[in-house]
Amino acid sequence: GSLDTSFVSHLQPAGSGVNTLALQRDGKLFIGGHFATVNGLSRTHLARLNPDGSPDNFFVELDNDMLGCCPLPGGQVLIWGVFSLVNGISHGLFARLNADGSLDPAFVGGRNGDDTYTPNAVALQPDGKLLVAREVCNGSSRPYFVRLTANGSFDDSFFAGQGGPDN
């Protein structure tokens, strides 16, 4: 329980905070939240840290807070939050990033017409499908809990005809 003084990471501005963190298999750490710099380097709401706490060269700019992330095999990462821009591209709430930080355009993120949402939690299944807990969306036929295919589209076979959880 003692402080590891070899791990050094400072966020700015004052009042900054981390909402989420996720460890990659290679020991690097994703952090997301409300901050503009990490150890003096521009890292807006999302950063990937080396095992010693220093930021690596992964760079993604979000326009608002990141609330969660899930590293994926191959270096990709799912991110979700209250952002509406990823690297200046309109793509709000839920996105998949490539290993270099670029937005993966093949990932649709569960969007279906007006049914866009921010996940509360995401779990990766061994087959690449995603289990997503979420807040209900107005008019959604898939409230609270859904499964997405590997490209982020709704898996219509999940809870087929059952409706899923009611709250």
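Please treat every number below as a calculation from the coordinates, not as lab data. Note that the coordinates shown come from a computational prediction; the quantities given were computed from them, not determined experimentally. Note: ideal-geometry Cβ built from the backbone for every residue, glycine included; neighbour counts use all protein chains shown.
Figures for the structure shown
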quantity: Under 12 Å, Cβ to Cβ, from Val86 - net charge with Lys/Arg +1 and Asp/Glu -1; calculated: -2
quantity: Rough spin-label spacing in nm, given labels placed 7 Å along Cα→Cβ, for Ala121 and Ala99; calculated: 3.0
quantity: Gain in span if fully extended, Asp156 to Ser2, counting 0.36 nm per residue against the direct Cα distance; calculated: 50.6 nm
quantity: All Cα pairs of the stretch 1-56, percent lying beyond 16 Å; calculated: 39
quantity: Distance in nm between pseudo-label sites at Lys129 and Lys28 (7 Å out along the Cβ direction from Cα); calculated: 3.0
